[in-house]
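This report refers to the structure that appears directly beneath it.
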Amino acid sequence: MAGRASRQRRQAFREPRLRLLVVCGGVRTEPAYFRGLKRYARNPAIEIRVRSKGWAPSDLVKYARSIAPIGADEFDEVWCVVDRDEFNLEATVICATKLDVRLAVSNPCFELWLLLHHDDCTAEMGDAKRVLQRLARKVPGYQKNELRFADFEKGVNDAVRRAERLDPSGLDHRRDPSSGVWRLVLQMIEAGKIP
């Protein structure tokens, strides 16, 4: 009997992948980046939703939670990608904590995260215009509304390392420059690995 059982073929077992919902405030740049990263990470369990720019970050958090209500099991984690820009993020942080939504905040803007793929950036940037000028020098032909993930693919690990050095917690949205996007990127890459 034992011999027969040992000859039976064992069923393949694969741990379920972490299911992430990523909601972006930007219309083109952030979604293009995260769709490219999704392919790069080979993780079909990630869903990216976009809300038009102009939404306050706290409204984006509420929208994300409306897609994935607390207690529903469609997603394991819900993330919102937002810029510091001109927003006061204190209310957003409180709302996100209350609704169990993780924030990936870039200060001053998402393009800082993109810049970190190509260069260290430790000096205060002040505003998005300065970041965009510096990014355009590193990525000739960069167009905010036409991001090509290929321009950033080779620098993903460098960006994670550089952003983590700027803010080891990934939660200090007041620091300029800083980007907590590295936490989300690591989740996407790790979730895409097959055990």
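Descriptive notes on the structure:
- Restricting attention to segment 108-142, the residues that are in contact with a Cys (Cβ under 9 Å, 6 or more places away or on another chain) and in a loop (DSSP other than H, G, I, E, B) add up to 2.
- Positions within segment 120-129 being free of Cβ contacts under 8 Å to residues at least 24 places away in the same chain and farther than 18 Å from Val105 by Cβ, in sequence order: Lys129
Yes or no, residue by residue, for (1) assigned to a helix (DSSP H, G or I); (2) surrounded by 14 or more Cβ atoms within 10 Å (Cβ to Cβ):
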{"residue": "Lys144", "(1), (2)": "no, yes"}
{"residue": "Leu147", "(1), (2)": "no, yes"}
{"residue": "Asn157", "(1), (2)": "yes, no"}
{"residue": "Arg162", "(1), (2)": "yes, yes"}
{"residue": "Arg165", "(1), (2)": "yes, no"}
{"residue": "Ser169", "(1), (2)": "no, no"}
{"residue": "Arg174", "(1), (2)": "no, no"}
{"residue": "Arg183", "(1), (2)": "yes, yes"}
{"residue": "Gln187", "(1), (2)": "yes, yes"}
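- Close pairs from segment 44-61: first farther than 13 Å from Val82 by Cα, partner modelled with pLDDT under 75 and buried (at least 16 other Cβ atoms within 10 Å of the Cβ), Cβ under 9 Å, at least 6 apart: Pro44/Arg17; Pro44/Gly192; Ala45/Arg17; Ala45/Ala191; Ala45/Gly192; Ile46/Arg17; Ile46/Ala191; Ile46/Gly192
- Pairs, first more than 13 Å from Tyr40 (Cα to Cα) in segment 150-164, second surrounded by fewer than 17 Cβ atoms within 10 Å (Cβ to Cβ) and of a type in the set (Asp, Glu), C-beta under 8 Å, six or more apart: Arg162/Asp120
- Positions within segment 129-169 being at pLDDT 95 or above, small (Gly, Ala, Ser) and out of contact with any Leu (no Cβ under 7 Å at 6 or more places or on another chain), in sequence order: Ala136, Ala150, Gly155, Ser169
Okay, residues lined up against (1) among the aliphatic types (A, V, I, L, M); (2) farther than 28 Å from Ala68 by Cα; (3) out of contact with any Phe, Trp or Tyr (no Cβ under 8 Å at 6 or more places or on another chain):
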{"position": "Leu99", "(1), (2), (3)": "yes, no, yes"}
{"position": "Arg102", "(1), (2), (3)": "no, no, no"}
{"position": "Val105", "(1), (2), (3)": "yes, no, yes"}
{"position": "Lys129", "(1), (2), (3)": "no, yes, yes"}
{"position": "Arg137", "(1), (2), (3)": "no, yes, yes"}
{"position": "Tyr142", "(1), (2), (3)": "no, yes, yes"}
{"position": "Phe149", "(1), (2), (3)": "no, no, no"}
{"position": "Asp167", "(1), (2), (3)": "no, yes, yes"}
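- Any chance Ser106 is of a type in the set (Ser, Thr, Tyr) and surrounded by 13 or more Cβ atoms within 10 Å (Cβ to Cβ): yes
- The residue that is modelled with the lowest pLDDT, counting only those in segment 1-58 that are hydrophobic (A, V, I, L, M, F, W, C) and assigned to a loop (DSSP other than H, G, I, E, B), is Phe13.
- Any hit, segment 59-72, residues being among the hydroxyl-bearing types (Ser, Thr, Tyr), part of a helix (DSSP H, G or I), crowded, with 19+ Cβ neighbours inside 10 Å and modelled with pLDDT under 95: no
Results for (1) under 13 Å from the mean Cα position of the chain (by Cα); (2) under 10 Å from Ser106 (Cα atoms); (3) among the acidic types (Asp, Glu), shown as yes or no for each residue.
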residue: Ala159; (1), (2), (3): yes, no, no
residue: Ala163; (1), (2), (3): yes, yes, no
residue: Leu166; (1), (2), (3): no, no, no
residue: Ser169; (1), (2), (3): no, no, no
residue: Asp172; (1), (2), (3): no, yes, yes
residue: Pro177; (1), (2), (3): no, yes, no
residue: Leu186; (1), (2), (3): yes, no, no
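The values are calculated or read from the model by the stated rules, or taken from the named source; none is laboratory data. Just so we're clear, the structure is a prediction, and the values are computed from it rather than from any experiment. Ideal geometry is used to build each Cβ from the backbone, glycine not excepted, and the neighbour counts take in all protein chains shown.
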